[in-house]
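Taken together, the values in this text are just the output of simple stated rules run on the coordinates, not laboratory data. In this text the structure is predicted, and so the values were computed from the model without any measurement. Cβ: placed from backbone, ideal geometry, glycine included. Neighbour counts: every protein chain shown.
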Amino acid sequence: MIKLLFIYSVLFLSNLQKDAIRDIGIAMKAGSAKELINFCNATMEIRINGESTNYDKNQAKVTLRNFFNEYPPQDFSYTVKGSSSDNLKYTIGVYTHEKGSFRVVMFIKKIDNAYLIDTLNFSKE
């Protein structure tokens, strides 16, 4: 419980624009759809094991909550972080749960001075 309170306070106090990638990682590690959705575009693509759907924020939140409930997190870490000249950031990470792990690829776009997840792809490793 103390760990979650610490994570939430870090997210609340941090500047969303300053280090969105770090804060997204904290939300992933906590398995918090409620916090992660704050970093999502109004419409986004979520792909889980090859099945892809476009969602609005409300639908995405439900899908992420179901994912985190089915695969409670043990850890999340980035293996690759990069960006392109057109304000697109991308990351590759590993989301570890009790029974295995997922490779997580995110495409994060700059929209109205904020970086927001546009595509989130979970692939079982």
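Select from the range 53-103 those trypsin sites (Lys or Arg not before Pro) which occupy a DSSP coil region and have at most 14 other Cβ atoms within 10 Å, ordered by residue number.
Values: sites: Lys57, Lys61, Arg65, Lys81, Lys89, Lys99, Arg103; in loops: Lys99.
Counting only loop positions with at most 14 other Cβ atoms within 10 Å, the trypsin sites (Lys or Arg not before Pro) in the range 53-103 are Lys99.
How many angstrom lie between the Cα centre of the range 40-83 and the Cα centre of the range 85-103?
Each part reduced to its Cα centre gives a spacing of 10 Å.
Suppose only helical runs count, i.e. DSSP H with n ≥ 4. What mean residue ellipticity at 222 nm does that imply for the chain under -39500 (n - 2.57) per run, divided by all residues and rounded to the nearest 500 deg cm²/dmol? Don't jump to the answer; show the numbers that get you there.
On the way: 4 runs with 41 residues, N = 125.
Taken over the chain, the calculation gives -9500 deg cm²/dmol.
Select one label from [x] 16.3, 53; [y] 14.1, 43; [z] 13.5, 41: the one whose number is Rg and Dmax of the Cα atoms in Å as derived from the coordinates shown.
Given [x] 16.3, 53; [y] 14.1, 43; [z] 13.5, 41, the structure-derived one carries the label [z].
Kindly write out, for the range 78-91 in residue order, the coupling ³J(HN,Hα) from the Karplus curve 6.51 cos²θ - 1.76 cosθ + 1.60 (θ = phi - 60°), rounded to whole Hz, with x marking Gly and Pro.
7, 10, 9, 9, x, 8, 10, 6, 9, 6, 9, 9, 9, 9
Give me the dipole magnitude in Debye, nearest 20, for the chain about the Cα centre, with unit charges on the beta carbon: positive for Lys and Arg, negative for Asp and Glu.
On the way: 16 positive and 13 negative charges, 37 e Å.
Dipole of the chain, to the nearest 20 debye: 180 debye.
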